[in-house]
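What follows is a short report on a single structure.
Only the coordinates and a few stated rules stand behind these numbers; no lab work does. This structure is a prediction, so every number in the text was calculated from the model and none was measured. A quick note on method: Cβ atoms are made from the backbone with ideal geometry, for glycine too, and the neighbour counts reach across all protein chains shown.
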Amino acid sequence: MDKIQQGSVDIVVDNGIATITFFHPSHNSLPSMILAKLAETIEKAGKKKEVKVIVLKSGGERTFCAGASFDELASIEDLEVGKAFFMGFANVINACRTCPKLILGRVQGKAVGGGVGVAAATDYCFATKFAAVKLSELAVGIGPFVVGPAVERKIGVSAMSQLAINATVWMPATWAKDKGLYTEVFESAEEMDTHIAALAERLAGSNPAAMTLLKKVFWEGTDHWYMLLKERAAMSGKLVLSKYSKEAIAAFIK
């Protein structure tokens, strides 16, 4: 099995709490296979009556998500294939956005590019002090076009611009909390997990109808995202074919 085909997405439902875990051996990067499975799993969990709240997390200890799979990016030679790959991120964001259940994010370590987008698409995001963030897309000749709307919605245009323009610099978890990406930052994953469990249990006992309506209020004004993210995916799909991006991605992998 090659690197692109590795990884997993798992779900466990216990007492109304669905815990969805994605994993890839390359720092939890996201090839199209994982993106498709993640979007599908979130959508299915949202439709299950027994699920009251969702916890979205990744495997491992130090990296929440390394973003797009550079191995797969390097293999893209066709515009339609490029658009389809970036639509994978659009589908995950839209799955989180339209899911009728509240989604709690668990960010145990660094989040890059699409990983920042996944964190931003959750409704309440916990993190550890190790969860620095970076939007690195411009450094490889692309841009955070698909994840941009989700990130901007959480932290505003100014902070989003700072991340997108200064694409090689890590911003600490405390910065992300101050800007609104994270709601709470903890010293350790163990402390974070205690607080996640406590909130998830309280939400599992709350009125499902009220939580669904509350989520709709949170995401008001985003109905156009299906078309918007599709357009953004086409932008990224075109740029990834450029000579600049090809060379930058190859250099990164090397």
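Remarks
- Across all Cα pairs in the chain, the calculated P(r) in 5 Å bins from zero up to the longest distance comes to 1, 7, 14, 19, 20, 18, 11, 6, 2, 1, 0 percent per bin.
- Cα principal axis extents for the stretch 115-167, largest first, Å: 30, 22, 17
- Paramagnetic reach from LEU241 (point 7 Å along Cα→Cβ, amide N under 12 Å) across the stretch 48-80: 76-80
- The magnitude of the dipole of the stretch 28-72, with charges of +1 and -1 set on the Cβ of Lys/Arg and Asp/Glu and taken from the Cα centre, is near 380 debye.
- Over 28 Å between alpha carbons, listed pairs LYS154/LYS230; LYS134/LYS230; LYS57/LYS243; LYS129/LYS230; LYS110/LYS179: LYS57/LYS243; LYS129/LYS230
- Placing unit charges on the Cβ atoms only, positive for Lys and Arg and negative for Asp and Glu, gives the stretch 152-254 a dipole magnitude near 680 debye about its Cα centre.
- Ordering 169-175, 124-130 by mean Cβ neighbour count within 10 Å, with the highest value first, yields 124-130, 169-175.
- Where only alpha carbons of the stretch 1-64 are counted, the Rg and the Dmax (Å): 12.3, 37
- Under-5 Å amide H pairs with VAL53, H placed in peptide plane, nonlocal only: ALA18
- Cα-based Rg of the stretch 75-117 normalised by 2.2 N^0.38 Å, two decimals: 1.45
- Distance between the stretch 63-102 and the stretch 1-58 - C-alpha centres, whole angstrom: 13
- Gyration tensor (alpha-carbon) shape descriptor, the stretch 119-254, a/c threshold 1.5: oblate
- In the frame of its principal axes, the stretch 168-222 has Cα extents of 41, 32, 15 Å, reported largest first.
- The charge dipole of the stretch 1-154, taken about its Cα centre with unit charges on the Cβ of Lys, Arg, Asp and Glu (plus for the first two, minus for the last two), comes to roughly 740 debye.
- One Cα centroid belongs to the stretch 212-230, the other to the stretch 168-191; the line between them spans 25 Å.
- For the chain, with +1 on Lys and Arg beta carbons and -1 on Asp and Glu, the positive-most of ALA36, PRO100, LEU181 along the dipole: PRO100
- Relative contact order of the chain, taken over Cα pairs closer than 8 Å and 6 or more residues apart, is 22 percent.
- For the peptides 77-86, 206-215, the ranking by packing is 77-86, 206-215, with the highest mean count of neighbouring Cβ atoms within 10 Å listed first.
- For the chain, calculated [θ]222 nm from helices alone, where every DSSP H run of n ≥ 4 adds -39500 (n - 2.57): -16000 deg cm²/dmol
- Close amide H partners of ALA131, meaning residues 5 or more places away or on another chain with modelled amide H under 5 Å apart, are ALA173.
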